[in-house]
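One structure below.
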Amino acid sequence: MTQIDSAEFPALAEIAASIASRVGHTIREMRAQGVEIANTKSSLADVVTAADGEAERLITAALRKARPNDGILGEEGASVEGSTGITWVVDPIDGTVNYLYDLPGYAVSIAATVEDGAAGTMSDGRRAVAGAVYVPTLDELFEASEGGGARLNGRTLRLQESPELALSLIATGFGYTAERRAEQAEILRHVLPQVRDIRRLGAAAADLCNLAAGRIDAYYERGLQPWDYAAGVLIARESGATILGRDENTLPGEALLIAGPRTLATDLRKAIHLA
Ligand code: IPD
Ligand code: CA
Ligand code: CA
């Protein structure tokens, strides 16, 4: 296992931020010209636009230039083996359905991850140590480095004390296959009666950043992939959020990821009944 010097993390966050905002501007300009569906993935609802592929190509090229020896893992297929111990995990457009419909909440998410097994490791074995999420339609740049705090357009984010579960606004999301959605509907059936309300904003990375910015009280989702959460979890955690998995013995990740102030996240986990 390669140990990475934590003094490097802020510089990695700067790289993520500058590439995310540059590519974010590009995909917004592309959207103004229209949108083209290039493919579908897990179901007919799971579309890939031409911009998803183009954004991932741009991000990969920029990362290769800035950090030629690092690995890269991208949602749309980017896969580069590295030799430094750092792997960049990329979601070129998180919230593709928002992008398709020209709804504002899509984001570019880029995280530098390591696999050293330290606290904060996710169920995919990785831990983001630096990352950025850029929401082009709002010109909002979220970035964080481990131990260095989280910022929105340069302003430090600190999570406030949370309300009790019954008064909490909870964001969540849904996957693309019918089976996954049936499970998610079952979870929601238990959660919805116990909270103030639910928001389904359409981009997991932005949900986690909205938590850091105090715009929702907590977030949970089942079925997330590393590119959905890598940067967002770091930003939420650095703002003071606790990240939980489905139970004490399971790392957060695909089975379940809960993010929020500690007490609320713990109460939310109790409210989520998993089959
Ligand atoms: C999706 C979004 C959505 C979440 C899904 C993700 P994509 O990512 O983050 O909010 O609910 O689980 O797959 O497909 O738009 O990159
Ligand atoms: Ca995603
Ligand atoms: Ca995506």
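General remarks:
- Residue check, ALA111 within 25 Å of ILE235 (Cα to Cα), within 16 Å of ligand 3 (Cβ to nearest atom), of a type outside the set (Val, Ile, Thr) and in contact with a Ser or Thr (Cβ under 7 Å, 6 or more places away or on another chain): no
- Filter result (surrounded by fewer than 24 Cβ atoms within 10 Å (Cβ to Cβ) and closer than 18 Å to ILE243 by Cα) within region 138-150: GLU146, GLY147, GLY148, GLY149
- Residue count for region 193-208, restricted to those that are assigned to a loop (DSSP other than H, G, I, E, B) and surrounded by fewer than 24 Cβ atoms within 10 Å (Cβ to Cβ): 5
- The residues in region 89-137 that are within 16 Å of ligand 1 (Cβ to nearest atom), open to solvent by 30 Å² or more (accessible area, probe 1.4 Å) and in contact (Cβ under 8 Å) with a residue 12 or more places away in the chain can be counted, and the count is 8.
- Residue list for region 28-50, restricted to those being over 26 Å from GLY223 (Cα atoms) and either among the β-branched types (Val, Ile, Thr) or touching a residue at least 40 places away in the same chain (Cβ under 8 Å) (or both): ARG28, ARG31, VAL35
- Within region 159-173, one or more residues are open to solvent by 20 Å² or more (accessible area, probe 1.4 Å), of a type in the set (Gly, Ala, Ser) and over 28 Å from GLY131 (Cα atoms).
- Matching residues in region 39-71 - criterion: being away from ligand 3 (no atom under 15 Å from the Cβ), closer than 19 Å to ALA205 by Cβ and open to solvent by 10 Å² or more (accessible area, probe 1.4 Å): ALA62
- Total residues in region 72-88 satisfying the condition of being under 21 Å from HIS25 (Cβ atoms) and either without any contact (Cβ under 8 Å) to a residue 12 or more places away in the chain or within 10 Å of ligand 3 (Cβ to nearest atom) (or both): the figure is 3.
- Selection within region 230-252: residues that are in contact with a Pro (Cβ under 8 Å, 6 or more places away or on another chain) and crowded, with 24+ Cβ neighbours inside 10 Å. The member of this set that is nearest to ARG200 (Cα to Cα) is VAL233.
- Residue in region 18-37 that is in contact with a Gly (Cβ under 9 Å, 6 or more places away or on another chain) and open to solvent by less than 60 Å² (accessible area, probe 1.4 Å) present: yes
- Every condition in (1) more than 22 Å from the chain's Cα centre (by Cα); (2) assigned to a helix (DSSP H, G or I) is met by LEU44 except one, and the failing one is (2).
- Residue tally, condition modelled with pLDDT under 95 and assigned to a helix (DSSP H, G or I), over region 147-180: 3
- Looking across PRO261, PRO252, PRO193, one residue alone is more than 16 Å from ligand 3 (Cβ to nearest atom) and over 18 Å from PRO163 (Cβ atoms). It is PRO252.
The values are calculated or read from the model by the stated rules, or taken from the named source; none is laboratory data. The structure presented is a predicted model; accordingly, all values stated were derived computationally and were not measured. Don't worry about glycine lacking a Cβ; one is built from the backbone with ideal geometry, like all the others, and counts go over all protein chains shown. When the accessible area is computed, the model is the full protein with side chains, heavy atoms only, and any ligands, DNA or RNA have been set aside. Shrake-Rupley method; radii C 1.70, N 1.55, O 1.52, S 1.80 Å.
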